[in-house]
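Have a look at the structure below before the remarks.
The values are calculated or read from the model by the stated rules, or taken from the named source; none is laboratory data. In this text, all values refer to a predicted model and were calculated from it rather than measured experimentally. Heads up, the Cβs are rebuilt from the backbone with ideal geometry, glycines too, and the neighbour counts pull from every protein chain shown.
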Amino acid sequence: MKNKFIVTSVDIEGYRITCNYIIEGDWGKYFSQSTNFWVEYNVPLNDLPKSLAIIPLISNILPIAWLNDAEIFLDEIDSDFFECIDNVKSGYKEMYPLLQFKGSIRQKSIVKNIYEVSKPAVLFSGGVDAFNTLLTHISEKPMLITLWGADIGVDNIDGWRNVSNHIKETTSQLNLSSYIVKSNFREFIVSSKLKELLKSNSKLNWWHDFQHGIGIIGHTSPLAFVLGIEKVYIASSFTSNDIGNYTCASDPIIDNQLRFGVTVVVHDGYEYNRQNKISRICQFGRENNLYIPLRVCWQAIDGRNCCNCEKCYRTMMGIIAEKENPVKFGFDVYNQNTRRIMLKQLNDKFRIEYNHRYIYIQKRLRENYDLSECPEDLKWFYNVKIKHQMPRFLELYFRAISKIKCIILGTK
Ligand SMILES: [Zn+2]
């Protein structure tokens, strides 16, 4: 049976959009049997056209439909969004040349949506990338949009409370407005099964490599109409220097193609590497005496920084290389003792001499300190020759050692 996704209704009630649909064909296994797709906003969706209200759903099923050569049937769709889909698909083809992107949309009507726009919006997770983009466009007084359902699950009330407090703190200090989108966009699909589609490359991850760019951006289309958003900035994670060394769903070749109504999308900050961004954030703090906590950790489920994972460590090291104190930037447990543990872990466990992401941090450390003034405990990092990646034989050796340790200790 041909793979089909038939949208039967798009219901807009108050703050909420609910989409109902029937799925035909083998690819039904990639969608949850227990829930349909829903999304809630913290502003009423008055007069929102269905042709825009359907975009959050469609933007999250397009990559699945392409890889399954599926047809999506729907009543109405926004004309600008409809027209950009082929270009977005071309971006995916360029990112993943070994995969086949097919599929199509069968619509009853295409609707041109025109509305007045005033300000831009920044998709704001609270991390280094998003903060850098916010600072770049701060004079434009952007609205901040944060998704509940991305890194914090829709049922994780406590975790979301911490994220929400973080956003409130940011917006009040910078005098900006913020908007919340709550969506089950990670739960209406079955990510674990979607891995089957990527078997050609086991390193690919559905969320990171196929869903999160277009899937997050699509959620802003109802807000674009209701609030009058002229452009949506989405922060880059990578930089043009990384081309050829990464895969990601969110990329200039994909995101910059997206548009809906009279709103365009800008993949922002691609010219900065992560250390450049940390440097700008530290500089903003010093110049404005305004140190806003960063939320960088993907390990912790409570919406705070665990201060114990590689990403937390890497960000803290970036801040230290800028001669700043990580405590000022949301790493509350940082002190002399935790710094000692961090440096030991970076050396012994994370083996950062084989992680190219530390090259830029080391470069800044060397720019900001002469070797003679460099803090004693950082001198090994200052001097170490960082290689692009660990040689294969060493990787296998360390993997074997950790397996033996697990067997001896009886852990997994
Ligand atoms: Zn962490």
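Among helices (runs of 4 or more DSSP H) lying entirely in the stretch 230-341, which contain 3 or more residues that are within 16 Å of the ligand (Cβ to nearest atom) and modelled with pLDDT of 95 or more? Spell out how you get there, then give the answer.
Details: elements: 252-255, 274-288, 310-321.
Once the helices (runs of 4 or more DSSP H) in the stretch 230-341 are filtered for at least 3 residues that are within 16 Å of the ligand (Cβ to nearest atom) and modelled with pLDDT of 95 or more, what remains is 310-321.
I need the strands (runs of 3 or more DSSP E) fully contained in the stretch 1-81, keeping only those with at least 2 residues that are among the hydroxyl-bearing types (Ser, Thr, Tyr) and on the phi < 0 side of the Ramachandran plot.
Output list reads 4-13, 16-24.
Looking only at the stretch 340-358, how many residues end up being within 24 Å of Asn276 (Cβ to Cβ) and in contact with a helix residue (DSSP H, G or I) (Cβ under 9 Å, 6 or more places away or on another chain)?
Total meeting the criteria: 10.
For a quick check of your reading of the model, give me the residue pairs whose first member lies in the stretch 115-139 and is over 15 Å from Asn276 (Cβ atoms), whose second is modelled with pLDDT under 95, with beta-carbon atoms closer than 6 Å and at least 6 apart or on different chains.
Gly126/His166; Gly126/Arg295
Output the residue which, of all residues in the stretch 356-398 that are at pLDDT below 75 and surrounded by 10 or more Cβ atoms within 10 Å (Cβ to Cβ), is nearest to Asn245 (Cα to Cα).
Among them, the one singled out is Gln389.
Leu134 passes all but one of (1) buried (at least 21 other Cβ atoms within 10 Å of the Cβ); (2) in contact with a Gly (Cβ under 6 Å, 6 or more places away or on another chain); (3) outside any loop (DSSP other than H, G, I, E, B); which number fails?
Here Leu134 meets the rest and fails (2).
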